[in-house]
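Participant: Mind looking over this structure? Questions follow.
Laboratory data are not the source of any read-out in this text; all were calculated from the coordinates shown. Treat the numbers as computed from the prediction; the structure is a model and nothing was measured. In this analysis, Cβ positions are derived from the backbone assuming ideal geometry, glycine residues included, and neighbour counts consider all displayed protein chains.
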Amino acid sequence: MDKNLPIILAISAASGFILGIKTLEYLLEHDYKIELIVSQNAYYIAESELGLVLSQDKNLIKNNILEYLNLKNKTESLKVWLDNEFHANPSSGSYKTAGMIIVPSSMSTVAAISSGYTSNLIVRSADVCIKEKRKLLVVPRETPLSSIHLENLLKLSNNGAIIVPPTIGFYSDPQSLDDCVNFLVGKILDLFGIDNSLYKRWSL
Ligand SMILES: Cc1cc2nc3c(=O)[nH]c(=O)nc-3n(C[C@H](O)[C@H](O)[C@H](O)COP(=O)(O)O)c2cc1C
């Protein structure tokens, strides 16, 4: 994959903030350029699930995240946007990107994308990826799934999005939560075309 093209990474307010943050960690550690959008609603989840407190001051959020990941040397590779910043780079199709990963994706974000109602920057960026025929990976988090959720996900899939439910392959023999997270992040990266050895692959 062309490392000069940034990847849009969005974290919405579904359970599993760790999946978004670990995907970000891997990409930054491997020198990818990231345009990060964390939905306003996900700030609460970052704090309740990971103890990661994100400032309301836009200038401090990047620091909060890089400090948490112990990656303060990666400040050049990361741009952070608020979900109401419609003037942000990913909002325009003329801004070239390698595509977008939404991890985790709430059902509310899935519904907004599938209806084309671009209510925030995450939804607008996904809308741009769909219209520009760029890669869009959606990691939906909800259980059980209603017919409404399934219909919305089918619509996204029919429009080229890759739907990646965060379900563990037990053949990878996970022994810890870290192993489970690595399996899921590894699958997400695989599907985005990023080589990794985060999990034990099936091989006889
Ligand atoms: C602790 C917590 C966990 C949640 N987990 C989920 C979830 O896993 N999936 C989901 O679709 N919504 C979940 N929600 C509800 C969403 O946060 C809510 O629908 C919100 O409007 C989504 O906003 P966003 O899509 O802009 O990020 C959760 C809410 C809270 C407070």
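Participant: Quick one: net charge around ASN63, please, counting Lys, Arg +1 and Asp, Glu -1 for every other residue with C-beta under 12 Å from its C-beta.
Facilitator: +2
Participant: Quick one: net charge of ALA42's neighbours, Cβ under 12 Å, K/R +1, D/E -1?
Facilitator: Once all neighbours under 12 Å are counted, the net charge is -2.
Participant: Using the number of other C-beta atoms within 10 angstrom as an exposure proxy, rank ILE148, ILE21 with the fewest first.
Facilitator: ILE148, ILE21
Participant: Under unit Cβ charges (Lys, Arg +1; Asp, Glu -1), what dipole magnitude, rounded to 20 debye, does the chain have relative to its Cα centre?
Facilitator: Once rounded to the nearest 20, the dipole reads 520 debye.
Participant: Figure the gain on full extension for ASP195 and LYS131 (residue separation times 0.36 nm, minus the Cα-Cα span) and round it to one decimal in nm.
Facilitator: Stretched out fully, the ASP195 to LYS131 stretch lengthens by 20.4 nm.
Participant: Within 10 Å of each residue's Cβ, count the other Cβ atoms and sort MET1, MET107 from fewest upward.
Facilitator: Lowest count first: MET1, MET107.
Participant: Still on this structure, I have one more. Report relative contact order for the chain in percent, whole number only (criteria: Cα-Cα under 8 Å, sequence separation at least 6).
Facilitator: In percent, rounded to a whole number, it is 21.
Participant: With a 10 Å Cβ neighbour count serving as the proxy for reagent exposure, in which order, fewest first, do LYS187, LYS131 appear?
Facilitator: Ascending Cβ contact count within 10 Å gives the list LYS131, LYS187.
Participant: Next question, about the same structure. Cut-off 10 angstrom, C-alpha nodes, Gaussian network model of the chain. Which of GLN175, GLN40, GLN56 fluctuates the most?
Facilitator: GLN175
Participant: Starting from the Cα of PHE170, step 7 Å along the direction of its Cβ; do the same at GLN56; then give the gap between the two resulting points in nm.
Facilitator: Inter-label distance under the simple model: 4.6 nm.
Participant: Hey, got the dipole for segment 92-143? About the Cα centre, +1 on K and R Cβ, -1 on D and E Cβ, debye to the nearest 20?
Facilitator: It works out to roughly 220 debye.
Participant: Could I ask something else about it? Where the centroid of each part is defined by its Cα atoms, how far is segment 118-139 from segment 97-111 in Å?
Facilitator: 7
Participant: Among SER157, THR109, LEU27, flag the residue with its Cα farthest along the positive direction of the charge dipole of the chain, charges on Cβ as +1 for Lys/Arg and -1 for Asp/Glu.
Facilitator: SER157
Participant: Further question: Does segment 1-133 come out rounded, prolate or oblate, given a ≥ b ≥ c as the square roots of the eigenvalues of its C-alpha gyration tensor, rounded meaning a/c under 1.5 and, failing that, prolate meaning a/b above b/c?
Facilitator: Verdict is oblate for segment 1-133.
Participant: Considering only lysines 8 or more places apart in sequence, or on different chains, count the pairs in segment 7-167 whose C-alpha atoms sit under 16 Å apart.
Facilitator: 21
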